[in-house]
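The values are calculated or read from the model by the stated rules, or taken from the named source; none is laboratory data. Remember, predicted model here, so these are calculated numbers, not experimental data. Note: ideal-geometry Cβ built from the backbone for every residue, glycine included; neighbour counts use all protein chains shown.
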Amino acid sequence: MKKTVLATIIASTVTAQAFAQDNINPFADEKSGLYLGIGAGKSSYDSAYESDTLNMFKNNSGQVNTNDSNGETIGKLFLGYRVNKYLALEAGYTDFNSSDADIKRSNTERRGARTINKNTVGKITNKIKGIEIKAIGLYPIGNKVDIKASAGIMRWKLDETYTGSTIQNVALGERSRTKTIFHKSKENKKGTSLTLGLGANYNITNNITVGLQWERIKDVGHKDLAFGETDIDTYTLSAQYNF
């Protein structure tokens, strides 16, 4: 992922610099030029942790508590070229940080004269990162404000880790035996998703712009993971330098 991000940024920089030449960009105007920016904000998930795997776990007396209802902090780095006052092309990298789910289950089994009690606790952690290429349509309102809408694609990677333990007690009459079983597993999935966004920019000066944006990344994840598959909404505040 890091090599892909670096390659994308380098390729975008070279392309944007070449396109910035008047003889290559026939649509250039006073707004045209390269820009570089950063952003931070929150994400929210439409239906994370509702996979068949976790639903089966819940139906067997399992409890799943997620911490993603309030959203996770995200960070963005982006490089773009404003073709003219109405259009920009942009490549970016987003770190969605991690999303966690705590699981717990207690159950009792009887096997002949033996009674087996199991208490399981664990944590599922998901880390998501992605690179994105998109086109941005802009509508200027005066010299200071631009309303914007975007569409693009994101190539993402999701790493899911499960760590937990089961305390098992086997009782036979007055005798009992207890042991602890530790669990750890890791899986990752990659995919490509459509992105759609709306927002606005405010030009503090000719070189400094701040922005607010909502963006939806469609169908992130995989049904084989505990995380499942979900749309991700992001809400970000950004700052960019216009060259």
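Output the qualifying pairs, or none if there are none: Cβ atoms under 6 angstrom, residues six or more apart or on different chains, first residue in the range 126-144 and hydroxyl-bearing (Ser, Thr, Tyr), second residue surrounded by 13 or more Cβ atoms within 10 Å (Cβ to Cβ).
What qualifies is Tyr139/Ile147.
Anything in the range 91-103 that is within 30 Å of Val170 (Cβ to Cβ) and surrounded by 15 or more Cβ atoms within 10 Å (Cβ to Cβ)? List them, or say none.
Scanning the range 91-103 gives Ala101, Ile103.
For the range 71-115, which residues satisfy the criterion of being within 26 Å of the chain's Cα centre (by Cα) and among the β-branched types (Val, Ile, Thr)?
Answer for the range 71-115, where residues must be within 26 Å of the chain's Cα centre (by Cα) and among the β-branched types (Val, Ile, Thr): Thr73, Ile74, Thr94, Ile103.
Looking at Asn206, Asn188, can you tell me which residue is of a type outside the set (Gly, Ala, Ser), over 27 Å from Lys42 (Cα atoms) and at pLDDT below 95?
Exactly one of Asn206, Asn188 is of a type outside the set (Gly, Ala, Ser), over 27 Å from Lys42 (Cα atoms) and at pLDDT below 95, namely Asn206.
Of the residues Ser99, Ser61, which single one is of a type outside the set (Lys, Arg), at pLDDT below 95 and farther than 30 Å from Asn201 by Cβ?
Only one candidate qualifies: Ser61.
Within the range 219-229, is even one residue over 24 Å from Lys123 (Cα atoms) and either under 12 Å from the mean Cα position of the chain (by Cα) or not polar (S, T, N, Q) (or both)?
Scanning the range 219-229 turns up no residue that is over 24 Å from Lys123 (Cα atoms) and either under 12 Å from the mean Cα position of the chain (by Cα) or not polar (S, T, N, Q) (or both).
Please state which one of Asn206, Asn169, Asn188 is free of Cβ contacts under 8 Å to residues at least 60 places away in the same chain and surrounded by fewer than 13 Cβ atoms within 10 Å (Cβ to Cβ).
The conditions single out Asn206.
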